[in-house]
Amino acid sequence: MTARTRFFLTARAAKVSQGSQGMDENELSRIVFNSALKVHRALGPGLLESSYEECMYFELKKHGLQVVKQKPLPLIYHEVKLEIGYRVDLLIENKLIVEVKSVDAINDVHLAQILTYLKLSECKLGMLINFNVTLVKDGIRRVVNNL
């Protein structure tokens, strides 16, 4: 084994052992984007949101990411924690919120929903992904909170 091969194997092992803890929101969003492309190529438009959500969960877990499906999100009002049924579709590494849609068009209420989730969770970045489009890249919106 050459020194160069040992270097690359050592660097790869360090990266694998580090896992996704060192990734920032932008790196995570690239993985989400590529996973959405892969899911959409395989399934196409027209399915239920829950189908795309499960497939996205599967793809993101394959990358070794910490992903939570249907994460409850309480509302804090005057220091009282209210469990009123808000649920984030996918929470990745406690940094990135992904809301999965399968609708004719993304509208203002969808953007307001993810902005609210970002504020309540104190996450900086969210991705709104509409799979009911011809090209999934046209259905992806990045939404930021306090940047």
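The values are calculated or read from the model by the stated rules, or taken from the named source; none is laboratory data. Computed from a predicted model, the values in this text were never measured in an experiment. Positions of Cβ are generated from backbone atoms using ideal geometry, with glycine treated the same way; all protein chains shown enter the neighbour counts.
Hey, can you tell me all the residues within region 98-124 that are crowded, with 19+ Cβ neighbours inside 10 Å, over 13 Å from I140 (Cα atoms) and of a type in the set (A, V, I, L, M, F, W, C)?
Going residue by residue through region 98-124, those that are crowded, with 19+ Cβ neighbours inside 10 Å are 98-102, 106, 114, 117-118, 121, 123.
After this cut, where a residue has to be over 13 Å from I140 (Cα atoms) as well, the list is 117-118, 121, 123.
L118, C123, listed by residue number.
Please give the number of the condition L96 fails out of (1) without any contact (Cβ under 8 Å) to a residue 24 or more places away in the chain; (2) of a type outside the set (D, E, K, R); (3) closer than 25 Å to P45 by Cα. Here L96 meets the rest and fails (1). Just to confirm my filter: which strands (runs of 3 or more DSSP E) fall fully inside region 1-117 and include at least 1 residues that are modelled with pLDDT of 95 or more? Result: 67-72, 87-92, 96-101. Which of the residues belonging to region 66-84 are more than 18 Å from Q113 (Cβ to Cβ) and in contact with a helix residue (DSSP H, G or I) (Cβ under 7 Å, 6 or more places away or on another chain)? Within region 66-84, V67 is the sole residue that qualifies.
Within region 136-147, restricting attention to residues that are at pLDDT 95 or above and among the hydrophobic types (A, V, I, L, M, F, W, C), the residue that is surrounded by the fewest Cβ atoms within 10 Å (Cβ to Cβ) is V144. If the condition is being under 11 Å from the mean Cα position of the chain (by Cα) and either buried (at least 17 other Cβ atoms within 10 Å of the Cβ) or among the charged types (D, E, K, R) (or both), then region 62-97 contributes L65, V67, K69, V88, D89, L90, L91, I92, E93, K95, L96, I97. V133 meets the conditions (1) farther than 24 Å from M23 by Cα; (2) among the hydrophobic types (A, V, I, L, M, F, W, C); (3) surrounded by fewer than 17 Cβ atoms within 10 Å (Cβ to Cβ) in every case but one. The failed one is (3).
Counting only residues that are aromatic (F, W, Y) and either within 22 Å of P45 (Cα to Cα) or touching a residue at least 12 places away in the same chain (Cβ under 8 Å) (or both), region 67-93 holds 1 of them.
Looking only at region 104-147, count how many residues are of a type in the set (K, R) and more than 14 Å from the chain's Cα centre (by Cα). Break it down stepwise before answering.
In the first step, residues of region 104-147 are kept if they are of a type in the set (K, R); the result is 119, 124, 137, 141-142.
Of the ones still in play, those that are also more than 14 Å from the chain's Cα centre (by Cα) are 119, 137.
Counting residues in region 104-147 that are of a type in the set (K, R) and more than 14 Å from the chain's Cα centre (by Cα) gives 2.
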